[in-house]
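Visitor: Shown below is the structure under consideration.
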Amino acid sequence: AIQGVIINAAGIVAYYPSKYPLQYRAQELGDRDLFGDLTRAARADGLTVVARMDSNRVHEPVFREHPDWIAVDADGKPYRSGELYVTCINGPYYRSFLPDVMREIVERAHPDGFTDNSWSGLDRTSICYCENCKRGFRDAAGADLPRRRDWDDAAYRKWIEWSYARRLGLWDANNAVTRAAGGPDCIWVGMNGGSIAGQARSFRDYRAICARTPIIMLDQQ
């Protein structure tokens, strides 16, 4: 029997009328609170509700107002995914804006937990050179970011270790936000695939993630 549902809430697109202007709204919904409507219907059927986020890309107005939220390459050009801009997990978008959005969702709809489809940001094929990454890596490693992918470079190997640690730090920080807002059982779990190699490419430390929470959401990729 079905015990719960994952309902799209926010991130790239918000499915409720957010108070944050930069939270892009689903254009055909108008003022409708689709996430709230579906949450109430699921609760009426006795189902657990997990709010789904999709957080690593934003629309152009966000880039224009907050270029410091966006991941950039070695030439300072923003990483793109189609028409969208890829956000950096070490910047204010992940550290300040998304926590505020999650608090808003809890306040409005009180989901039982959260998950996120694209929570871990850029994978190992791309190095971000935004000011947040430059400063964070220098503080942690005492070195500049590596200029290319080179396993013979000590700075690159240190960047790999630092990047794994940053994802685990994000996991813990998101859990602190959702539990503080929604109670101790309102956990945050990023969606994770079943391929260890795929997890590694995304800086997702499978063993450490499993140790942090009893629930792992498996995607279909």
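The values are calculated or read from the model by the stated rules, or taken from the named source; none is laboratory data. Small disclaimer: the values here were computed from a predicted structure and weren't measured. Here the Cβ is made from the backbone with ideal geometry for all residues, glycine too, and neighbour counts use every protein chain on show. Please note that ligands, DNA and RNA were not included when accessible areas were found on the heavy atoms of the full protein model with its side chains. Shrake-Rupley method; radii C 1.70, N 1.55, O 1.52, S 1.80 Å.
Visitor: If you check D152 against the conditions, is it open to solvent by 60 Å² or more (accessible area, probe 1.4 Å) and in contact (Cβ under 8 Å) with a residue 40 or more places away in the chain?
Guide: On the way: open to solvent by 60 Å² or more (accessible area, probe 1.4 Å): yes; in contact (Cβ under 8 Å) with a residue 40 or more places away in the chain: no.
It is false that D152 is open to solvent by 60 Å² or more (accessible area, probe 1.4 Å) and in contact (Cβ under 8 Å) with a residue 40 or more places away in the chain.
Visitor: Are there any pairs, at least 6 apart or on different chains, whose C-beta atoms fall under 6 Å, with the first in the stretch 26-45 and at negative phi and the second in a helix (DSSP H, G or I), and if so, which?
Guide: So the pair list comes out as G36/A109; T39/A109.
Visitor: Something else now. Can you pull out every residue in the stretch 27-59 that is open to solvent by 20 Å² or more (accessible area, probe 1.4 Å), part of a loop (DSSP other than H, G, I, E, B) and more than 17 Å from D112 (Cβ to Cβ)?
Guide: Those that are open to solvent by 20 Å² or more (accessible area, probe 1.4 Å), part of a loop (DSSP other than H, G, I, E, B) and more than 17 Å from D112 (Cβ to Cβ): G30, D31, R32, D33, H59.
Visitor: Still on this model: What do you reckon, is C133 open to solvent by less than 40 Å² (accessible area, probe 1.4 Å), more than 28 Å from G36 (Cβ to Cβ) and either of a type in the set (V, I, T) or assigned to a loop (DSSP other than H, G, I, E, B) (or both)? Spell out the reasoning first.
Guide: Numbers: open to solvent by less than 40 Å² (accessible area, probe 1.4 Å): yes; more than 28 Å from G36 (Cβ to Cβ): yes; either of a type in the set (V, I, T) or assigned to a loop (DSSP other than H, G, I, E, B) (or both): no.
The answer is no for C133.
Visitor: A follow-up question, please. Looking at the stretch 1-16, I want the residues that are within 16 Å of R43 (Cα to Cα) and have a partner that is assigned to a strand (DSSP E or B) and open to solvent by 10 Å² or more (accessible area, probe 1.4 Å) with Cβ atoms under 7 Å, at least 6 apart or on another chain. Which pairs are those?
Guide: Q3/T48; G4/T48; G4/V50; I6/V50; I6/R52; I7/R52; N8/R52; A9/R52
Visitor: Another question, if that's okay. If you go through the stretch 151-167 one residue at a time, do you hit one that is on the phi > 0 side of the Ramachandran plot and at pLDDT 95 or above? Don't jump to the end; show me each part of the working.
Guide: First pass over the stretch 151-167, keeping only residues on the phi > 0 side of the Ramachandran plot: none.
Taking every residue of the stretch 151-167 in turn, none turns out to be on the phi > 0 side of the Ramachandran plot and at pLDDT 95 or above.
Visitor: Here is a follow-up. Could you grab me the full set of residues in the stretch 84-95 that are open to solvent by 20 Å² or more (accessible area, probe 1.4 Å) and either assigned to a strand (DSSP E or B) or closer than 30 Å to R43 by Cβ (or both)?
Guide: L84
Visitor: Out of the residues in the stretch 69-83 that are assigned to a loop (DSSP other than H, G, I, E, B) and without any contact (Cβ under 8 Å) to a residue 24 or more places away in the chain, which is least open to solvent (accessible area, probe 1.4 Å)? Even if it seems obvious, please write down each step before you answer.
Guide: Taking the stretch 69-83 and keeping what is assigned to a loop (DSSP other than H, G, I, E, B), we get 71, 73-77, 79, 82-83.
Still in the running and without any contact (Cβ under 8 Å) to a residue 24 or more places away in the chain: 75, 77, 82.
Details: D75: 130, K77: 127, G82: 67 Å².
Top of the filtered list is G82.
Visitor: When you scan the stretch 108-118, do you find a residue that is in a helix (DSSP H, G or I) and in contact (Cβ under 8 Å) with a residue 60 or more places away in the chain, even just one? Please lay out each step first, then the result.
Guide: Restricting attention to the stretch 108-118, the residues satisfying the condition of being in a helix (DSSP H, G or I) are 108-109.
Next, only the ones that are in contact (Cβ under 8 Å) with a residue 60 or more places away in the chain stay: 108-109.
There is at least one residue in the stretch 108-118 that is in a helix (DSSP H, G or I) and in contact (Cβ under 8 Å) with a residue 60 or more places away in the chain.
Visitor: Anything in the stretch 136-151 that is assigned to a helix (DSSP H, G or I) and of a type in the set (F, W, Y)? List them, or say none. Even if it seems obvious, please write down each step before you answer.
Guide: To start, the set of residues in the stretch 136-151 that are assigned to a helix (DSSP H, G or I) comprises 136-141.
Within the stretch 136-151, F137 is the sole residue that qualifies.
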